[in-house]
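The values are calculated or read from the model by the stated rules, or taken from the named source; none is laboratory data. The shown structure was predicted, so the numbers you read here are calculated from the model rather than taken from an experiment. Positions of Cβ are generated from backbone atoms using ideal geometry, with glycine treated the same way; all protein chains shown enter the neighbour counts.
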Amino acid sequence: MRLLLVEDSHRLRSTLVRALARLGYAVDEARDGDEAATRVSVNSYDAIILDLMLPGRSGLELVEEWRRKGDLTPVLMLTALAAVADRVRGLAVGADDYLVKPFAIEELAARLEAVIRRHRGQADSRIRVGDLEVDLAARTVQRGGVRLSLTAREFSLLECLVRHPGRVFSRDQIEARIYGDADSPLSNAVDAAVYSLRRKLSPGGAPPLIHTRRGLGYVLQESP
């Protein structure tokens, strides 16, 4: 999944980018409200992690603006302001959740996953396609009861496909979802990632779940 992280503290922003990348997220960065507004105007994100106090436009102003324009991208707001009134104000303008600094990365990841699930109307963190089970919250994968070990990038790719079984994704669409602006993937990076994931999802010669649609892209489903 592709995220936008808006945080003016370079130290915290760098720490969060590294932590989220280890979890398999593609992360774009913005240092202030104006840069965040520009990025949202040209890119599509699965969620936005947004600091409340920013140079230029504040987090509150940004959320209010996005919601007014009909942009419903989930927003997890970060702030050092712990007062109930501040949290209520953030939620009132359209933020989906609110996390007070300092916080644990594990809590950030759990809340992030929860707001994305709610946005997509998915109550359970587990998605099943045939005998494949993916737990998006625990970030675990099983097929036929066998636990599979995936890299962060492979899990990100699987998450993209398994959230929309039966939907064909082009190479460009996959690249946009699993690589951030700071990444520079090789021309065959998506094909190589799909090949590796497809192999891992077929332990013991199980039938493949990822299929190629020639000239179109890739799709995850039980039958070709």
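Brief remarks on what is shown
- When Gly70, Gly94 are screened for being outside any helix (DSSP H, G or I), within 27 Å of Cys160 (Cα to Cα), without any contact (Cβ under 8 Å) to a residue 12 or more places away in the chain and outside the structural domain of Leu157 (by TED's automatic domain parsing), only Gly70 passes.
- When the stretch 113-132 is limited to residues that are among the hydrophobic types (A, V, I, L, M, F, W, C) and farther than 24 Å from Leu197 by Cα, the one that is modelled with the lowest pLDDT turns out to be Ala123.
- Count of the stretch 101-114 residues which are surrounded by 15 or more Cβ atoms within 10 Å (Cβ to Cβ) and not acidic (Asp, Glu): 5
- The sole residue among Pro208, Pro224, Pro203 that is at pLDDT 90 or above and over 29 Å from Glu106 (Cα atoms) is Pro208.
- Exactly one residue out of Arg2, Arg18 is within 15 Å of the chain's Cα centre (by Cα) and without any contact (Cβ under 8 Å) to a residue 12 or more places away in the chain: that is Arg18.
- Val17 surrounded by fewer than 15 Cβ atoms within 10 Å (Cβ to Cβ) and either assigned by TED's automatic domain parsing to the domain that holds Arg139 or out of contact with any helix residue (DSSP H, G or I) (no Cβ under 9 Å at 6 or more places or on another chain) (or both): no
- Tallying residues that are crowded, with 17+ Cβ neighbours inside 10 Å and over 25 Å from Gly145 (Cα atoms) within the stretch 115-135 yields 2.
- Flag: Pro55 does not match the condition of being of a type outside the set (Val, Ile, Thr), in contact (Cβ under 8 Å) with a residue 24 or more places away in the chain and buried (at least 21 other Cβ atoms within 10 Å of the Cβ).
- Of Arg143, Arg171, Arg89, all but one fail to be touching a residue at least 12 places away in the same chain (Cβ under 8 Å), surrounded by 18 or more Cβ atoms within 10 Å (Cβ to Cβ) and of a type in the set (Lys, Arg); the exception is Arg143.
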